1. List the trypsin sites (Lys or Arg not before Pro) in segment 234-319 that DSSP assigns to loop (not H, G, I, E or B) and whose Cβ has at most 15 other Cβ atoms within 10 Å. Which are they?
2. When DSSP assigns beta bridges and you keep just the ones with both residues in segment 1-98, what percent turn out antiparallel, to the nearest 5?
3. Can you tell me the length gained on complete extension of the stretch Ala16 to Thr276, counting 0.36 nm per residue apart and subtracting the Cα distance?
4. May I ask you to derive the FRET efficiency for Tyr101 and Ala24 from their Cβ-Cβ distance with R0 = 41 Å, giving the value to the nearest 0.05?
5. Relative contact order for segment 67-339: what is it in percent, counting Cα pairs under 8 Å that are at least 6 residues apart?
6. For His36, His178, what ranking results if the residue with the fewest other Cβ atoms within 10 Å of its Cβ goes first?
7. Can you work out the Karplus-derived ³J(HN,Hα) for every residue in segment 64-81? Use 6.51 cos²θ - 1.76 cosθ + 1.60 with θ = phi - 60°, whole Hz, and x for glycine or proline.
8. Do any trypsin sites (Lys or Arg not before Pro) in segment 25-102 lie in a DSSP loop with no more than 12 other beta carbon atoms within 10 Å, and if so, which?
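Just so it is clear, none of the values below were taken in a lab; they were calculated from the coordinates. If you're wondering where the values come from, they're calculated on a predicted model, not measured in any experiment. Because the Cβ atoms are built from the backbone with ideal geometry, glycine has one as well, and the counts that use them run over all protein chains shown.
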Amino acid sequence: MKRYDIKSISLEEIQALLTDMKEAPFRGKQIFSWLHGKQCTRFDEMTNLSKALQAKLDEKAVILNAKQVKKLVSQVDGTIKYLFELGNGSIIESVLMRYGYGNTVCISTQAGCRMGCTFCASTLDGVERNLTASEMLSQVYEIQKDIGERISGVVLMGSGEPLDNYENVLNFIRLINHPMGLQIGQRHITLSTCGLVEKMYQLAEENLQITLAVSLHAPNDSIRNQIMPISKKYSMEELLAACRAYIEKTNRRITFEYALIQGVNDTEDCAKELSTKLRHMLCHVNLIPVNSVKERNYIKSSQERVEKFAAILQQHGVETTIRRKLGSDIHAACGQLRRGYAKPKPEIT
């Protein structure tokens, strides 16, 4: 008998499950609070439930968790990189980033990734599987327990393409935002996509107040096709049209991520072309010197070239920042640490 993944379902679904079990629905709030408020990992930790109910829950449901298997702490800026093992042996990674305004966790939404972006280590072995909402939540919960401090922001920008795991990601956002859980505000949640256009239109209809970050990384289709296979399916014109529709629907500013690769997408002409396409859009460009991935031969742009690129965008009225590089001494870029760890075990079905 398949057991319910109880940490992935809503309060109302838990109450319905209890009704089916001939138990009082009010117990649902207690169970939900244990799972998401206190982040307990076993039913026998729920001390205000009877032993009989704990046993029934254990028979009908499972609490999926993430087990920490490796932790690296940056000696430069305090960034912490975690490797977690999931119930079926899949290995994923998460990063804690410390800022003056609070602690933000960058989480994975898939084990691996199938998007094939050539500057990213996450995609080198393809995608193993989607993560459930509970497995995404567990990354946040375990890191909060580990550091003993509140997590105030979440970035869905680790391994995987969030919009390729749409329903589980939406469930995660609703649960992490729930007033009986960690209650992380939607404006403190960022979802990053390489540009799955149909899903972007769908996301716009969800009436969320999250920040959408779009991995752009090129000023035109010719360059983008070289480094991002998704560009061959959706042209830049189609992608930017979806971005404008998202802004119109949500009134939320979009962030464009742009990894600068020496000699590929970092010229002055690239900056001028990009500024022409983004001018007058409610957006912000985040420039990122590309991470070194030993399987690729990309070289990050010089600091001088990065600053010149930023200056051109700003001169043309495009709000731009240069991302502060965190965790460089612990391989904090997506996918780098996971690939160096033991190969994931096959999924148990």
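1. Loop-located and lightly packed - Arg253, Arg279, Lys294.
2. Antiparallel bridges: around 85 percent, rounded to the nearest 5.
3. 88.3 nm
4. Computed FRET efficiency for Tyr101 and Ala24: 0.45.
5. Value for segment 67-339: 18 percent.
6. Fewest-to-most Cβ neighbours within 10 Å comes out as His178, His36.
7. Once θ is set to phi - 60°, the couplings for segment 64-81 become 7, 10, 10, 9, 5, 10, 7, 9, 10, 10, 5, 7, 8, 9, x, 4, 10, 10 Hz.
8. Hits after loop and neighbour filter: Lys38, Arg42.
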